[in-house]
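What follows is one structure encoded as structure tokens, with my remarks underneath.
The values are calculated or read from the model by the stated rules, or taken from the named source; none is laboratory data. Everything numeric here is computed off the predicted structure, so don't read it as measured data. Positions of Cβ are backbone-derived with ideal geometry, glycine not excepted, and every protein chain shown enters the neighbour counts. Heads up: the accessible areas ignore ligands, DNA and RNA and are worked out on the full protein's heavy atoms, side chains in. Shrake-Rupley method; radii C 1.70, N 1.55, O 1.52, S 1.80 Å.
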Amino acid sequence: MTRTAVLICPGRGTYNKPELGYLHRHHADKAAMLAGFDAARAALGQEEVTALDGATRFSVSKYSRGDVASPLIYASALADAQSLAADIEVVAVTGNSMGWYIALAAAGALAPQDGFELVNTMGQLMQEHLIGGQLVYPFTGSDWKNDPRRKEELLAVVAEINVRPGHRLGLSIDLGGLLVLAGDAAGLAAFEAAVPVVEERFPMRLANHAGFHTQLQAPVAAEGRRQLDGRKLRQPVVPLVDGRGAIWQPGATDLTALWDYTLGHQVVEPYDFTRAVQNAAQEFAPDLFIVTGPGTTLGGAVAQSLVHQGWRGMRDKASFKARQEDDPLLLSMGDADQRQLVTG
């Protein structure tokens with residue numbers, strides 16, 4: 001029997017030390033595609049993707065760089081998307097932040113090599129400019145219950161800091177029960193001083209992350225439009241759900257508008273991953289939500305997004321876990337046991 005699924009592609013920060021060797025472990029059968037990615041990197045004087053993945057040593061300072069992390073995550077996630085079992089029907093594709101670029105390729109709107117060029121170029125531009133930074137802070141408790149009042153309070157703090165002279169701060173990604181904020185050094189420091197420490201780790205700065213999804217990235221978006229060719233876009237094979245929750249349908253997508261969004265709004269405006277997941281759930285009612293690798297960190301944000309809309313009666317972490325144990329609906333390909341359930 002066919003299982004329907006919404007496929008979700010991860011963003012930056014998902015290729016970490018445990019993921020070293022991910023391509024070699026899972027995707028030796030995709031040598032031809034990976035060779036194309038390696039050739040593109042080599043032509044630019046960059047270290048090849050398979051060499052990065054096959055290294056014996058992992059360092060955060062190197063592997064968190066945009067020009068290293070982005071191609072590794074793209075290659076891993078797209079290869080995973082191509083490895084689903086024959087009984088799985090992907091009814092929609094979405095992604096978190098950089099995962100939008102992967103989603104374009106996974107949905108067929110870009111050829112794999114063209115998607116790689118997009119990701120590699122934008123990863124390099126982000127690293128070269130490295131404008132601003134990001135941090136993460138939760139607005140829900142450990143029970144995952146939605147707390148819109150707390151969310152509003154935190155966003156009010158952000159808005160107040162942003163109007164201070166010499167401070168820039170704004171919402172970057174609405175990520176389940178987390179707010180990803182982006183700004184300049186003064187704005188980020190002001191927020192850290194204004195909120196209590198939670199779980200002994202938040203607010204958490206993200207290494208080598210720029211001020212994504214804010215107007216700080218306008219120069220990067222402009223340079224991306226100058227270097228990349230939007231004519232390589234084609235009609236998606238399956239629907240795409242973007243970072244506003246908007247749906248791009250096969251055969252009815254305005255490709256000029258899709259390119260304008262991809263290297264316009266998507267780069268310089270907040271990315272609402274929560275809404276993307278919730279709209280995908282409501283519009284396509286899948287049997288499964290499948291998060292591609294590498295890593296498993298995005299699973300929590302997907303689960304929280306579903307809990308916050310009361311998907312299939314889930315209202316908190318306990319009810320989600322009970323549902324998962326009874327009949328799993330969220331499967332992460334970066335988890336070895338869950339991977340087997342979707343790759344056959």
**Q.** Net charge contributed by nearby residues that have their C-beta within less than 14 Å of LEU78 (K/R +1, D/E -1)
**A.** -4
Q) Dipole of the stretch 295-344 (Lys/Arg Cβ +1, Asp/Glu Cβ -1, origin at the Cα centre): which of SER332, GLY313, GLY300 lies farthest to the positive side? A) GLY313
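Compute the length gained on full extension between GLN215 and GLU47: take 0.36 nm times their separation in residues and subtract their Cα-Cα distance, giving the result in nm to one decimal.
Working: separation 168, 0.36 × 168 = 60.48 nm, distance 3.06 nm.
So the chain would gain 57.4 nm between GLN215 and GLU47.
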Q: Positive end of the charge dipole of the chain (Lys, Arg +1 and Asp, Glu -1 on Cβ, about the Cα centre): tell me which of HIS265, PHE116, LEU154 has its Cα farthest that way.
A: LEU154
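About its Cα centre, what dipole magnitude does the chain give when the only charges are +1 on Lys and Arg Cβ and -1 on Asp and Glu Cβ, stated in debye to the nearest 20?
Working: 30 positive and 38 negative charges, 68 e Å.
In total the dipole reaches around 320 debye.
I'd like the projected area of the stretch 73-213, averaged over all directions, using the convex hull of its alpha carbons. Report it in nm² with one decimal. Could the numbers behind the result be given before it?
Values: hull surface 42.2 nm².
Seen from a random direction, the Cα hull of the stretch 73-213 projects 10.6 nm² on average.
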Q: Quick one: which residues, 5 or more positions from ILE131 or on another chain, have an amide H under 5 Å from its amide H? H modelled 1.01 Å from N in the peptide plane, none for Pro or chain starts.
A: GLY211
Q) Mind ordering 285-295, 202-212 by average Cβ neighbours within 10 Å, highest first? A) 285-295, 202-212
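How charged is the neighbourhood of LEU110? Take every other residue with its Cβ under 10 Å from the Cβ of LEU110, and add Lys/Arg as +1 and Asp/Glu as -1. Provide the component values of the computation, followed by the final result.
Values: positive: LYS232, ARG234; negative: ASP114, GLU117.
Charge balance near LEU110 sits at 0.
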Q. Any idea of ASP38's accessible area? Nearest 10 Å², probe 1.4 Å.
A. 20
Q) Dipole of the chain (Lys/Arg Cβ +1, Asp/Glu Cβ -1, origin at the Cα centre): which of GLY251, VAL241, MET126 lies farthest to the positive side? A) MET126
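Between GLN113 and ARG315, what is 0.36 nm times their sequence separation minus the Cα-Cα distance? Round to one decimal in nm. Mind showing how you got there, number by number?
Numbers: separation 202, 0.36 × 202 = 72.72 nm, distance 4.11 nm.
68.6 nm is the gain from fully extending GLN113 to ARG315.
Per DSSP helix of 4 or more residues, -39500 (n - 2.57); summed, then divided by the residues of the chain. What does that give at 222 nm, rounded to the nearest 500? Can you show the working numbers first?
Values: 16 runs with 157 residues, N = 344.
Per the formula, -13500 deg cm²/dmol.
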Q. Using the Karplus equation 6.51 cos²θ - 1.76 cosθ + 1.60 (θ = phi - 60°), what ³J(HN,Hα) coupling, rounded to whole Hz, does each residue of the stretch 91-100 give in order, writing x for Gly and Pro?
A. 9, 6, 10, 9, x, 9, 6, 4, x, 5
Q | Low-density loop cleavage sites - GluC sites (Glu not before Pro) in the stretch 15-81, where at most 10 other Cβ are within 10 Å (DSSP) | A | none
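Where only protein heavy atoms count, and the probe is 1.4 Å, what is the accessible area per residue for the chain in Å²? Spell out each step's value before the answer.
Numbers: 13980 Å² over 344 residues.
Computed with neighbouring chains in place, this is 41 Å² per residue.
Pull out the extension gain between GLU152 and ALA193, defined as 0.36 nm times the separation in residues minus the alpha carbon to alpha carbon distance; nm, one decimal.
Working: separation 41, 0.36 × 41 = 14.76 nm, distance 1.81 nm.
The span from GLU152 to ALA193 would gain 13.0 nm if fully extended.
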Q. When Lys and Arg each count +1 and Asp and Glu each count -1, what net charge do the other residues less than 12 Å away from ASP287, Cβ to Cβ, add up to?
A. -1
(Q) How large a share of the accessible area of the stretch 127-263, in percent, is made up of carbon and sulfur atoms when the probe is 1.4 Å and the other protein chains stay in place? (A) 53
Q | Dipole magnitude of the stretch 1-159 about its Cα centre (Cβ charges: Lys, Arg +1; Asp, Glu -1), debye to nearest 20 | A | 420
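Quick one: of the DSSP bridges fully inside the chain, what percent are antiparallel, nearest 5?
Just about 50 percent of them are antiparallel.
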Q: Divide, for the stretch 177-301, the radius of gyration over alpha carbons by 2.2 N^0.38 Å, where N is the residue count.
A: 1.25
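Could you order peptides 250-256, 52-58, 6-12 by the average number of other Cβ atoms within 10 Å of their residues, highest first? Present the calculation step by step, with values, prior to reporting the outcome.
Details: 250-256: 12.4, 52-58: 14.1, 6-12: 27.7.
Averaged packing, sorted descending, gives the order 6-12, 52-58, 250-256.
If the only charges are +1 at each Lys and Arg Cβ and -1 at each Asp and Glu Cβ, what is the size of the charge dipole of the stretch 118-166 around the Cα centre, to the nearest 20 debye? Intermediate results must be reported in sequence, preceding the final value.
On the way: 5 positive and 6 negative charges, 17 e Å.
Rounded to the nearest 20 debye, it is 80 debye.
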**Q.** Cα pair distances exceeding 33 angstrom across the chain, given as percent
**A.** 23
